[in-house]
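Report on one structure; see the data block that follows.
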Amino acid sequence: MSNYRPETICVQGGYTPGNGEPRQIPIIQSTTFKYATSEDMGRLFDLEASGYFYSRLQNPTCDAVAAKICALEGGTAAMLTSSGQAANFFALFNIASCGDHIVASSSIYGGTFNLISVTMAKMGIETTFVSPDCTEEELNAAFRPNTRAVFGETIANPALTVLDIEKFARAAHGHGVPLIVDNTFATPVGCRPFQWGADIVTHSTTKYMDGHGAAVGGAIVDSGRFDWMAHADKFPGLCTPDESYHGITYAEKFGKEGAFITKCTAQLMRDFGCTQSPQSAFYLNLGLESLHVRMARHCENGQAVAEFLAQHPEVETVHYCGLPEDPYHTLAQKYLPNGSCGVVSFELKGGRPAAERFMSRLKLAAIETHVADARTCCLNPATSTHRQMSEEQLAAAGIPAGLIRMSCGLESKEDLIEDIRQALEGA
Ligand SMILES: *Cc1c(COP(=O)(O)O)cnc(C)c1O
């Protein structure tokens with residue numbers, strides 16, 4: 001399937017029915033699977049045979065949808081998780097443990113910021129945040145001997161900065177660690193981070209991939225290119241025997257292509273159990289079937305709304321990398337040549353009170369803690385998703401208190417602009 005173009009993979013990837021089998025991916029709503037002998041079952045437990053035994057570890061519906069996302073990203077292995085938060089936690093925790101260190105872009109989703117700066121810090125994993133716009137020297141200076149991963153978002157939620165993936169990949173590889181990129185906002189239709197040197201990609205599938213606000217979920221994809229064994233001292237979890245699997249060494253037994261996802265499934269999913277349900281995976285797959293068609297419209301609407309806002313006298317600033325004057329326009333032309341996404345951030349001249357007035361007057365755009373939905377929605381991040389951040393942290397993440405994040409849906413762009421106009425002008 002990965003030889004086909006993204007449009008074809010969106011529709012048909014991950015699942016090829018045999019003769020007389022269902023055309024649509026079957027929902028295998030079963031916790032468990034039957035075997036003829038205990039020995040058959042034992043081989044599965046030992047990772048000596050592939051197959052299903054318990055849906056906390058693997059389920060055929062979830063695996064088919066993971067395989068589609070894997071093909072879309074051009075990876076070698078992938079898994080679904082219960083949420084985007086679980087995907088980012090697993091991706092990092094799979095290679096970093098107590099006493100280790102992470103380098104992360106400061107311009108990231110508020111939930112991920114909390115995860116790594118508070119919760120993972122309590123687990124003994126420290127993070128150094130760097131501006132996505134830092135120089136290579138500043139970036140290199142953030143590394144320590146115990147650094148295990150570099151993390152950033154292709155298009156950051158909600159600051160809408162664009163990550164210079166090649167710059168971050170160069171620094172990561174120069175220090176013998178992988179670059180993990182959260183590709184949620186761009187989706188593989190807009191950008192395939194592996195092309196630019198990223199090693200692991202994560203997703204909140206809750207956003208554009210699902211696209212209809214129907215199911216919370218996440219995904220992790222491995223490029224299969226990072227050579228764990230070449231840096232075995234840094235990654236003992238992958239490069240030394242796992243006693244909980246009879247001494248298997250993941251990087252030896254499953255190679256570069258399979259070690260990361262196999263360990264993540266066999267250890268982290270086994271122990272933490274953040275599985276996506278087969279029913280949710282089915283909804284996710286319905287979303288993926290039209291991802292390529294929807295993304296083009298989200299981008300068209302985002303661009304039209306950004307252009308309208310940019311010329312409106314009540315608007316102070318607009319952040320959208322599709323605007324030629326945006327500081328990330330040049331990076332976007334390189335990494336996102338087909339358009340970025342439907343999310344536009346902006347500030348009104350009247351600051352936070354004006355933002356609140358404006359949002360309450362909107363008729364089509366609902367106030368929601370959500371983005372990347374078929375229905376247009378908006379939010380003031382400082383009072384919602386990024387509420388836990390201090391003023392300084394908000395400033396570092398590029399999120400002023402009056403910032404409005406508008407996620408342009410799939411409605412008519414003329415109607416959206418009319419709605420925004422009446423809300424701005426108080427009609
Ligand atoms: C929403 C989001 C997450 C978290 O995903 P959930 O599915 O809500 O857990 C992570 N990263 C980005 C970029 C997001 O937008």
Task: Cα-based helix-to-principal-axis angle, 291-310 vs the chain, degrees rounded to 10 - done: 30
Task: Nearest 10 degrees, 0 to 90: helix 278-289 Cα axis against the chain principal axis - done: 60
Task: Rounded accessible area of Thr31 (nearest 10 Å², 1.4 Å probe) - done: 90
- [ ] Normalising by the residue count of the chain, find the relative contact order in percent from Cα pairs under 8 Å and 6+ residues apart.
- [x] 16
TODO: Taking amide H positions as placed in the peptide plane 1.01 Å from N, state which residues far from Ala77 in sequence (5 or more) or on other chains have amide H under 5 Å from it.
DONE: Asp222
- [ ] Taking the Cβ of Ser384 as the centre, find all other residues whose Cβ is under 14 Å away and add up their charges (Lys, Arg: +1; Asp, Glu: -1).
- [x] +1
Task: Förster radius 45 Å - calculated FRET efficiency between His212 and Glu243 (Cβ-Cβ, nearest 0.05) - done: 0.55
Task: Full-extension gain in nm, Glu21 to Arg56, via 0.36 nm per residue minus C-alpha separation - done: 10.1 nm
- [ ] With all distinct Cα pairs included, what does the Kirkwood hydrodynamic radius of the stretch 291-425 come out to in Å, to one decimal, could you say?
- [x] 15.0
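Helix-derived [θ] at 222 nm for the chain: sum -39500 (n - 2.57) over DSSP H runs of at least 4, divide by residue count, nearest 500?
One gets -10000 deg cm²/dmol as the mean residue ellipticity at 222 nm.
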Task: Net +/- balance of residues flanking Tyr15 in space, Cβ distance below 14 Å, scoring K and R +1, D and E -1 - done: -1
Open item on the list: Please compute the modelled spin-label separation between Ser360 and Ser131, points set 7 Å along Cα→Cβ, answer in nm with one decimal.
Closed with: 3.6
Open item on the list: Can you return the aspartates and glutamates within cross-link range of Lys349? Criterion is Cα-Cα under 14 Å, with same-chain partners fewer than 8 residues away left out.
Closed with: Glu314, Glu316, Glu425
- [ ] Note down the nm distance, to one decimal, between modelled labels 7 Å out along Cα→Cβ at Lys34 and at Arg144.
- [x] 5.4
TODO: Just add up the charged neighbours of Pro132: K/R +1, D/E -1, any other residue whose Cβ is under 12 Å from the Cβ of Pro132.
DONE: -3
Open item on the list: Could you derive backbone 3J(HN,Hα) for the stretch 355-365 from the dihedral phi with the Karplus parameters 6.51, -1.76 and 1.60 (θ = phi - 60°), listing whole Hz in sequence and x where the residue is Gly or Pro?
Closed with: 5, 5, 4, 4, 5, 6, 8, 5, 9, 8, 8
Open item on the list: Give me the extension gain from Lys253 to Glu368: residue separation times 0.36 nm, minus the current Cα-Cα distance, reported in nm with one decimal.
Closed with: 36.8 nm
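Could you check what % of the DSSP bridge pairs in the chain are antiparallel, to the nearest 5?
If we restrict to bridges inside the chain, about 55 percent are antiparallel.
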TODO: Would you kindly state how much longer the chain becomes between Asn338 and Glu411 on full extension, computed as 0.36 nm times their sequence separation minus their alpha carbon distance, in nm to one decimal?
DONE: 24.3 nm
Task: Out-of-range pairs (alpha-carbon distance over 30 Å; input Lys256/Lys334; Lys34/Lys263; Lys68/Lys253; Lys253/Lys334; Lys68/Lys263) - done: Lys253/Lys334
Task: Global form of the stretch 31-286, assessed from the alpha-carbon gyration tensor, a/c cut-off 1.5 - done: oblate
Open item on the list: Please list, by residue number, everything in the stretch 228-246 whose backbone N is under 13 Å from a paramagnetic label point 7 Å out along Cα→Cβ of Glu48.
Closed with: 246
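Highest first, please rank the peptides 65-77, 166-178 by the mean number of other Cβ atoms sitting within 10 Å of their residues.
Ranking the peptides 65-77, 166-178 by packing returns 65-77, 166-178.
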- [ ] Find how many whole Å separate the alpha carbon centroid of the stretch 401-427 from the alpha carbon centroid of the stretch 284-311.
- [x] 14
Task: Hz values of 3J(HN,Hα) by residue in the stretch 162-176 - Karplus curve (6.51, -1.76, 1.60), Gly and Pro given as x - done: 10, 7, 7, 4, 4, 4, 5, 5, 4, 5, 4, 5, x, 10, x
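If DNA, RNA and ligands are ignored and the probe is 1.4 Å, what is the ranking of Trp196, Trp228 by accessible area, most exposed first? If you can, show how the numbers build up before the last one.
On the way: Trp196 65, Trp228 5 Å².
Most to least solvent-accessible, the answer reads Trp196, Trp228.
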Task: Nearby aspartates and glutamates by direct alpha-carbon distance to Lys122 (threshold 16 angstrom, same-chain neighbours under 8 apart not counted) - done: Asp100
Open item on the list: Just to verify a number: FRET efficiency for Arg421 and Leu286, C-beta to C-beta distance, R0 = 30 Å, to 0.05?
Closed with: 0.35
Open item on the list: Under a crude label model (7 Å from the Cα following the beta-carbon direction), how far is Ser384 from Thr119 in nanometres?
Closed with: 2.0
TODO: With a 1.4 Å probe and every protein chain kept in, tell me what percent of the accessible surface of the chain is carbon plus sulfur.
DONE: 51
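The values are calculated or read from the model by the stated rules, or taken from the named source; none is laboratory data. A quick note: this is a predicted structure, and the numbers were derived from the prediction, not measured. A quick note on method: Cβ atoms are made from the backbone with ideal geometry, for glycine too, and the neighbour counts reach across all protein chains shown. The area values use the complete protein model at the heavy-atom level, side chains included, leaving out ligands, DNA and RNA. Shrake-Rupley method; radii C 1.70, N 1.55, O 1.52, S 1.80 Å.
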